[in-house]
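The values are calculated or read from the model by the stated rules, or taken from the named source; none is laboratory data. Quantities reported herein were computed from a predicted structural model and do not represent experimental measurements. Because the Cβ atoms are built from the backbone with ideal geometry, glycine has one as well, and the counts that use them run over all protein chains shown. We work out accessible area using only protein heavy atoms, side chains counted, and drop any ligands, DNA or RNA first. Shrake-Rupley method; radii C 1.70, N 1.55, O 1.52, S 1.80 Å.
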Amino acid sequence: MNFSEKLNARIRATRSALCVGLDPRPQSDNMQELAAWLRRVVEETAPYAACYKPNIAYFEAMGIPGLQLLEDLLADMPSEIPVILDAKRGDIGETQKYYAQAYFDRWNVDAVTLNPFMGYDILEPFLNRPGKAVYLLAVTSNAGSADVEQQVLANGRRVYELVGDMVLRARAEQAATEVGMVVGLTNAGAGVLAALPDAPLLIPGLGAQGGDLAALAGGKRVAPPAINVSRGILYKNPEKSFAEKAADFAAQIRTALGL
């Protein structure tokens, strides 16, 4: 089973393309309490989650205990639910080789986010992994995406289209690893999506960032989307349970995409 098949299976099972972001912001150094809190998030949201996306930065900020927490959490994730590690790595090939070993071999995540702006060779250490996927930053959800990603080249194309070219190159070279893209919902206009290949999309920006799901409606893309919500489930509306908030976002996504 390749990555898209696994993700599509979850989308069908849940009728949801919700990706639940795991971005812990601890109020204390009690790792046991934080571990229990994260496990409760996963348990409550699992019926509505097409996938999970732990952001490694939040765990790294806690030092070695945080990385141990992440390792333990990953080991306990439901095996049928894909896990996308949000790491945004992008370094020279030898360094990337060790990132690939850490994430795919040691932690056995299903997918990793990569920053492609050093060039195609930073992808290569990740591309020989059957069943795995990488998501390349293409058009992110922050305002600063206009500074580089959306700039117009001399030939009239946009910088993010070069990222789409990398996706097509990996496909043409029959890479064992699937290659998708990160496209922020706040910048996912019809022109952006039309200029990018039909490949798996990781779509942040719903919830706290104010992205509009209408940007995704009516498209003809076949590859599975994963629409991420982090703060909107973990921290907003504390009077609601994690399950209630996940169910609300899943319903919004279901309506917008016609799932």
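Things to note:
- The numbered conditions (1) open to solvent by less than 50 Å² (accessible area, probe 1.4 Å); (2) more than 18 Å from the chain's Cα centre (by Cα) are all true for residue 51 except (2).
- Condition check for residue 152: open to solvent by 20 Å² or more (accessible area, probe 1.4 Å), in contact with a helix residue (DSSP H, G or I) (Cβ under 9 Å, 6 or more places away or on another chain) and β-branched (Val, Ile, Thr): yes
- Residue in the stretch 155-167 that is in contact with a strand residue (DSSP E or B) (Cβ under 9 Å, 6 or more places away or on another chain), of a type in the set (Ser, Thr, Tyr) and either within 26 Å of residue 206 (Cα to Cα) or in a strand (DSSP E or B) (or both) present: yes
- Test: residue in the stretch 221-236 that is more than 27 Å from residue 117 (Cβ to Cβ) and either without any contact (Cβ under 8 Å) to a residue 12 or more places away in the chain or within 16 Å of the chain's Cα centre (by Cα) (or both): yes
- Qualifying residue in the stretch 22-31 (condition: hydrophobic (A, V, I, L, M, F, W, C), open to solvent by 10 Å² or more (accessible area, probe 1.4 Å) and either touching a Gly at 6+ places or on another chain (Cβ under 9 Å) or part of a helix (DSSP H, G or I) (or both)): yes
- Residue satisfying all of: in the stretch 237-259; charged (D, E, K, R) and free of Cβ contacts under 8 Å to residues at least 12 places away in the same chain; surrounded by the most Cβ atoms within 10 Å (Cβ to Cβ) among these: 248
- Residue within the stretch 132-148 that is open to solvent by less than 50 Å² (accessible area, probe 1.4 Å) and of a type in the set (Lys, Arg) present: yes
- Looking across the stretch 63-95, the residues that are assigned to a helix (DSSP H, G or I), farther than 27 Å from residue 163 by Cβ and among the acidic types (Asp, Glu) come down to 71, 72.
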